Amino acid sequence: REIESRATKGGGKDSHMTIASRVSSSTLQQRKLKLQQQLETALRGHSEDAKERCEWLLFNGFVVTKTTHDDVRSFTANFKEPSLVLFREIDDVNTIKCPTDVRDQAYVEIPTSVMNTTSISGSSDTKHSTSNLPGKGDLVAIDAEFVCVQAEESRITSAGSKEITSQPRNSLARLSIIDCRSNIVLVDDFVFQREQVSDYLTRFSGIRESDLDPNTSPHHLVTMQEAYLKVRLLMDRGCIFVGHGLREDFRIINISVPPSQIIDTSFIYHQPNQRYISLRYLTNYVLGRDMQQEIHDSIEDARAAYDLYTKALSLRERGKFDEYLTSLYSHGHRTQFKLRVRDEENDPPVN
């Protein structure tokens, strides 16, 4: 309580948090000397140049890159917060007794107000009735679009083969979520990019540079954190996410959703040892409609995934799903999975 009151005193940006320790100054000095001795022992025999050449790795979500010694020791940037983690070697992991309520202590409840956000671009704000948000067991259809913030880097080896030296990295650019109970769009946010975009992937995402520019975007533009919190809130409320290829979507959003809360149509419409089928092809074949002829729309994708799920449920209830899935793959192999209207003669519809 004492620490909390010190942290909030003044309430301004420049408020500081002071953490007091009960360790005596003499004990602290002994620890400091011991740590210094351990560091000297570890570096003994290394020249100063070798010490400076020690390789440091920067872990940023799923991205791991090399960084410099000076960057590691510098905390002048506002986004850096110095932290010290101490490790100790143990003989038996069972000797460590952890409190049973650690999860409860670390849990932070996300307020429902995160669903109502102010647009960076000045467009209308989102207003949702927090009393009727979907909860445990309710289905929400979700789709996300991405832009590339780091292009793939590669080189040609002496053997003439391509070697990738840096993997491409994508960033969330649009998030659409539909309440399947009412077909109401809960979220349709475009996400402001703090990093420079190397490729808007417009052909696949439908995202253009003007969509993410606060000065020109006509869309509801939010920060990455605001978009993340909306997904996190629905996950914490126990909602079940319906979508296509959600593993990659959640990975880039940087959230871990329990498997029990995921319904992925890319796995539903899949046979072992066969290719995974695209959402667009499934929509064309199963639902009998073409999609995204010119402009890519993530709301349309989310609705299509939910419709595919309900179609699969209907087929399973009548015991026809396996037969239908076999016909789907047979048609795909004959047409090389090219998009076109289904062949009514060879592939009669299953109502």
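Data for the structure
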| quantity | calculated |
| --- | --- |
| Residues of segment 241-267 that turn out to be assigned to a helix (DSSP H, G or I) and open to solvent by 40 Å² or more (accessible area, probe 1.4 Å), as a count | 6 |
| Boolean, residue 299 is of a type in the set (Val, Ile, Thr) and touching a Ser or Thr at 6+ places or on another chain (Cβ under 6 Å) | yes |
| Boolean, residue 232 is open to solvent by 40 Å² or more (accessible area, probe 1.4 Å), in a helix (DSSP H, G or I) and touching a residue at least 40 places away in the same chain (Cβ under 8 Å) | yes |
| Checklist (1) in a loop (DSSP other than H, G, I, E, B); (2) in contact (Cβ under 8 Å) with a residue 40 or more places away in the chain applied to residue 194, failing item | (2) |
| Residue 280 being surrounded by fewer than 20 Cβ atoms within 10 Å (Cβ to Cβ), touching a residue at least 40 places away in the same chain (Cβ under 8 Å), under 25 Å from the mean Cα position of the chain (by Cα) and part of a helix (DSSP H, G or I) | yes |
| Positions within segment 290-299 being in a helix (DSSP H, G or I) and surrounded by fewer than 18 Cβ atoms within 10 Å (Cβ to Cβ), in sequence order | 299 |
| Enumeration of residues in segment 186-210 that are open to solvent by 50 Å² or more (accessible area, probe 1.4 Å) and within 27 Å of residue 139 (Cβ to Cβ) | 204 |
| Boolean, residue 152 is under 22 Å from the mean Cα position of the chain (by Cα) and either surrounded by fewer than 17 Cβ atoms within 10 Å (Cβ to Cβ) or modelled with pLDDT under 65 (or both) | yes |
| Boolean, residue 316 is open to solvent by 10 Å² or more (accessible area, probe 1.4 Å) and under 16 Å from the mean Cα position of the chain (by Cα) | no |
| Lone unmet requirement of (1) at pLDDT 95 or above; (2) in contact with a Leu (Cβ under 7 Å, 6 or more places away or on another chain) for residue 235 | (2) |
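Residue-by-condition table, conditions (1) touching a residue at least 40 places away in the same chain (Cβ under 8 Å); (2) touching a helix residue (DSSP H, G or I) at 6+ places or on another chain (Cβ under 8 Å); (3) closer than 29 Å to residue 216 by Cα:
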residue	(1), (2), (3)
135	yes, no, no
140	yes, yes, no
144	yes, yes, yes
157	no, no, no
173	no, yes, yes
176	yes, yes, yes
188	yes, yes, yes
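The values are calculated or read from the model by the stated rules, or taken from the named source; none is laboratory data. Here the structure is a predicted model, which is why all the values come from computation and not from measurement. When we count neighbours, we look across all protein chains shown, and the Cβ atoms used for this are built from the backbone with ideal geometry, even at glycine. Please note that ligands, DNA and RNA were not included when accessible areas were found on the heavy atoms of the full protein model with its side chains. Shrake-Rupley method; radii C 1.70, N 1.55, O 1.52, S 1.80 Å.
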